[in-house]
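Remarks on the structure that follows.
Here, each number is a calculation from the coordinates, and none is a lab measurement. The structure displayed is predicted, hence computed values, not measured ones. FYI the Cβ positions are ideal-geometry reconstructions off the backbone, even for glycines, and counts take in every protein chain you see.
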Amino acid sequence: MTRPIELILDDARWAPSGDNTQPWRLRIVSDSEVDILGHDTRADCVYDLDGDASRIAHGCLLETLRIAASAHGFGIEWSCLPEGDSPTPVYSVRLTPQPDMVTDPRQPFIRTRAVQRRPMRTQALTTEHITALTAAASPYRVVWMSGFSQRLSIARLNYRSARIRLTIPEAFEVHRRVIEWGARFSEDRIPEEAVGVDALTGRLMGWLMQKWSRVEFFNTYLAGTVAPRLQLDLLPGVACGAHALLVAPAQPESPLDFVDAGMAVQRFWLEAERCGLRLQPELTPLIFSRYARKGRSFTRMAEPTAWAHRVSDDLDTLFGSTDARSAVFMCRLGYGPTARARSLRLPLDKLLAR
Ligand SMILES: Cc1cc2nc3c(=O)[nH]c(=O)nc-3n(C[C@H](O)[C@H](O)[C@H](O)COP(=O)(O)O)c2cc1C
């Protein structure tokens, strides 16, 4: 692999995507043109309402491609067809030589950036890092929640939202599919060790996840969602330096609004990595509240629908309803070690469409 376009794509494929689904294939058209054959997972993933989460991932990929291209003296221009809603959008990307191009300072962090789902240090973020992150997200606004009581309020929001995630059969199917049990690394899923539970809980979850009836029994009679929610949501929600909400300049509506949001997300995340900060996205409260706000059904169970309305109300109370409606991304950040288990990526030759 020596052609610049291949080297650039080999870097770009490290862009993050929900559950590491990598909802794209790549078709090299010429030495300066590539088509990104995107798809979304709305048909079988409850977290991908209208394909919005996949569109954010497409934006992350385009931004990573742009940053990777800068290291080879190229800018990029891209267009998307169709522009409106489609589960299979195609992004045509053209590399444009720019003799004066300076390598983007976030380029060295493309491959090391990874989710940290385990507790982080509670040390506050430095003013310098907050300034750098705020600039990276622009024109998206960052609402920071730091200090113990603010972190606790977000931890409680996540705890409440996680009850939905761990109770509905629609999410059970997704979790079963996207976790690679017993693994520390995974090319096309999330390895169990990166999920963030201790070994014993991990083994129990692996056993439960083999059958929905086991999960249902455990949840109904043994308060089965409590232990994972404490480990995955409440404790990490407090054990961090801050939570951040990225708010769009205007309420996102079209698919391309979410692509644009994904570009800001990836700038923000790479900047965090550059600052030595670890990050974990916290998208499910935003997703369930969007279902509630739009009056869209996401489960055949009655109670979790009511819980989603409560999550939406909590978001409004915490951030105000205007920011809650324009929020595109929420995450926690903190100093601490990088994750020892992580998702890898499909090799480039498997991503290339023939
Ligand atoms: C749009 C989007 C939503 C995500 N939502 C979550 C989330 O709610 N919780 C979480 O732990 N990780 C979330 N992730 C992180 C992905 O699971 C992660 O990026 C992917 O598995 C690849 O792993 P890596 O980022 O460590 O390389 C999200 C990522 C994206 C791009």
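Shape class for region 77-166, computed from the alpha carbon gyration tensor (a ≥ b ≥ c): oblate, with a/c not under 1.5 and a/b at or below b/c. Put simply, the amide H of residue 76, placed in the peptide plane, has neighbours under 5 Å in 96, leaving out anything fewer than 5 places away on its chain.
For the chain, hydrophobic long helices are taken as DSSP H runs at least 24 Å long by C-alpha position along their axis with mean Kyte-Doolittle hydropathy of -1.0 or more; these are 52-70, 148-167, 255-274, 302-319.
A dipole drawn for the chain from +1 and -1 charges on Cβ atoms has a positive end, and of 95, 279, 167 the residue lying farthest that way is 167. Based on C-alpha pairs under 8 angstrom that are at least 6 apart in sequence, region 4-112 has a relative contact order of 31 percent.
Measuring nothing but how far apart in sequence close Cα pairs (under 8 Å, 6+ apart) lie, relative to its length, region 118-273 scores a relative contact order of 46 percent. If you take all other residues with their beta carbon under 11 Å from the beta carbon of residue 311, and give Lys and Arg +1 and Asp and Glu -1, the sum is +4.
Taking Rh as the Kirkwood radius, which is the inverse of the mean 1/r over Cα pairs, what is the Rg/Rh value for region 46-204? Rg/Rh: 1.00.
Residue-normalised convex hull volume from the C-alpha trace of region 140-181: 127 Å³ per residue.
Between residue 176 and residue 123, the simple label model (points 7 Å from Cα in the Cβ direction) yields a spacing of 4.4 nm. Protection proxy ranking, highest mean first, for peptides 183-189, 254-260: 254-260, 183-189, where packing is the per-residue count of other beta-carbon atoms within 10 Å, averaged. Percent of Cα pairs in the chain per distance bin of 10 Å, from zero to the largest separation: 5, 25, 36, 25, 8, 1, 0. For residue 220, the shell of other residues with beta-carbons less than 15 Å away shows a net charge of +1, using +1 for Lys and Arg and -1 for Asp and Glu. Charging the Cβ of each Asp and Glu at -1 and of each Lys and Arg at +1, and nothing else, the dipole of the chain about its Cα centre rounds to 1140 debye. 3J(HN,Hα) along region 237-246, derived from phi through the Karplus expression 6.51 cos²θ - 1.76 cosθ + 1.60 where θ = phi - 60°, amounts to x, 8, 7, 7, x, 5, 10, 10, 10, 8 Hz, with x in place of Gly and Pro. Remark: the Cα gyration tensor places region 273-354 in the oblate category, a/c being 1.5 or greater and a/b not exceeding b/c. Shape descriptor for region 4-112: Rg over Rh equals 0.98 (Cα atoms; Rh from the Kirkwood inverse mean 1/r). Candidates 22, 138, 178 compared by Cα position along the dipole of the chain: farthest toward the positive end lies 178, with charges placed on Cβ.
For the chain, the relative contact order is 27 percent, taking Cα pairs closer than 8 Å that sit 6 or more residues apart in sequence and dividing their mean separation by the residue count. For region 194-287, the C-alpha radius of gyration sits at 1.42 times the compact-globule guess of 2.2 N^0.38 Å, with N the residue count. Taking the charge dipole of the chain about its Cα centre, with +1 at Lys and Arg Cβ atoms and -1 at Asp and Glu Cβ atoms, the residue from 115, 129, 62 reaching farthest to the positive side is 115.
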